[in-house]
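Asks: Quick one: the structure is below, and I'll ask about it shortly.
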């Protein structure tokens, strides 16, 4: 299935480079999407998180560095591996890119084979830290790589917040968490979200899980837990 493949988002406004890189990455079996502005890139990322972003420095609406800064400051997207593509070869530019959060840096003109080798090396480095093995519980299967959730082998759709909440609960089954604990563990204590917002996300998650909604248990006066008992 295509959804199980590594998905790469190319953010680049030069058609020749898009074509060259797309061909090279598809040859290795990866899914490739391309956009030509930071606005289109952000829309694409929010619809589906890619496994890797190849990001051009100079784009028509604003710099790739600005987009990178936005990605790194958003808790939902900050762990996405990013390789900067740029004609800039000055040392200070490379440092600026890396300081903003780029994982690697390839200067144009570059060889597609070199880019592919860098991309594969970066994916290998990142994978062990992200808990990439699929998780199953009570008929629900969550694949962190493809961002896919299935209930009894049927694909279901849910938002990023609900996905993160489900992933956390599935990695800590049969354990009760208060709303404040879930806020801290799932969204981070620096994010300003009211505790009642957790209830909204739990409601949405139950709706997305359809017949498996009973796995999300409300523990009165305490919080929530994932349980099939």
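The values are calculated or read from the model by the stated rules, or taken from the named source; none is laboratory data. Note that the coordinates shown come from a computational prediction; the quantities given were computed from them, not determined experimentally. Please note: Cβ atoms are built from the backbone with ideal geometry, for glycine as well, and neighbour counts cover all protein chains shown.
Asks: Answer yes or no: is there a residue in segment 165-182 that is farther than 30 Å from residue 32 by Cα, surrounded by fewer than 18 Cβ atoms within 10 Å (Cβ to Cβ), without any contact (Cβ under 8 Å) to a residue 24 or more places away in the chain and outside the structural domain of residue 31 (by TED's automatic domain parsing).
Replies: Yes, because at least one residue in segment 165-182 is farther than 30 Å from residue 32 by Cα, surrounded by fewer than 18 Cβ atoms within 10 Å (Cβ to Cβ), without any contact (Cβ under 8 Å) to a residue 24 or more places away in the chain and outside the structural domain of residue 31 (by TED's automatic domain parsing).
Asks: Condition first: out of contact with any helix residue (DSSP H, G or I) (no Cβ under 7 Å at 6 or more places or on another chain), in a strand (DSSP E or B) and farther than 16 Å from residue 204 by Cα. Can you find one or more residues in segment 159-171 that meet it? First the steps, then the outcome.
Replies: Quick first cut of segment 159-171, residues out of contact with any helix residue (DSSP H, G or I) (no Cβ under 7 Å at 6 or more places or on another chain) only: 160, 163, 167, 169-171.
Restricting the remaining residues to those that are in a strand (DSSP E or B) gives none.
Within segment 159-171, none of the residues are out of contact with any helix residue (DSSP H, G or I) (no Cβ under 7 Å at 6 or more places or on another chain), in a strand (DSSP E or B) and farther than 16 Å from residue 204 by Cα.
Asks: Can you tell me which residue in segment 107-142 is farthest from the chain's Cα centre (by Cα), limited to those that are at pLDDT 90 or above and assigned to a strand (DSSP E or B)?
Replies: Ranking the candidates gives 137 first.
Asks: Looking at residue 98, is it under 21 Å from the mean Cα position of the chain (by Cα) and either without any contact (Cβ under 8 Å) to a residue 40 or more places away in the chain or assigned to a loop (DSSP other than H, G, I, E, B) (or both)? Outline the logic, then answer.
Replies: Numbers: under 21 Å from the mean Cα position of the chain (by Cα): yes; either without any contact (Cβ under 8 Å) to a residue 40 or more places away in the chain or assigned to a loop (DSSP other than H, G, I, E, B) (or both): yes.
Judged against the criteria, residue 98 is a match.
Asks: I've got another one for you. Could you please give the count of residues in segment 39-79 that are in contact with a helix residue (DSSP H, G or I) (Cβ under 6 Å, 6 or more places away or on another chain), assigned to a loop (DSSP other than H, G, I, E, B) and either free of Cβ contacts under 8 Å to residues at least 40 places away in the same chain or in the same structural domain as residue 164 (by TED's automatic domain parsing) (or both)?
Replies: Total meeting the criteria: 4.
Asks: Could you please find all residues in segment 197-229 being part of a loop (DSSP other than H, G, I, E, B) and either without any contact (Cβ under 8 Å) to a residue 40 or more places away in the chain or closer than 15 Å to residue 167 by Cβ (or both)? First the steps, then the outcome.
Replies: Restricting attention to segment 197-229, the residues satisfying the condition of being part of a loop (DSSP other than H, G, I, E, B) are 220-222, 227-229.
Selection gives 220, 221.
Asks: Check off (1) touching a helix residue (DSSP H, G or I) at 6+ places or on another chain (Cβ under 8 Å); (2) surrounded by 15 or more Cβ atoms within 10 Å (Cβ to Cβ) for residue 113 and give me the number that stays unchecked.
Replies: With (1) touching a helix residue (DSSP H, G or I) at 6+ places or on another chain (Cβ under 8 Å); (2) surrounded by 15 or more Cβ atoms within 10 Å (Cβ to Cβ) applied to residue 113, the lone miss is (2).
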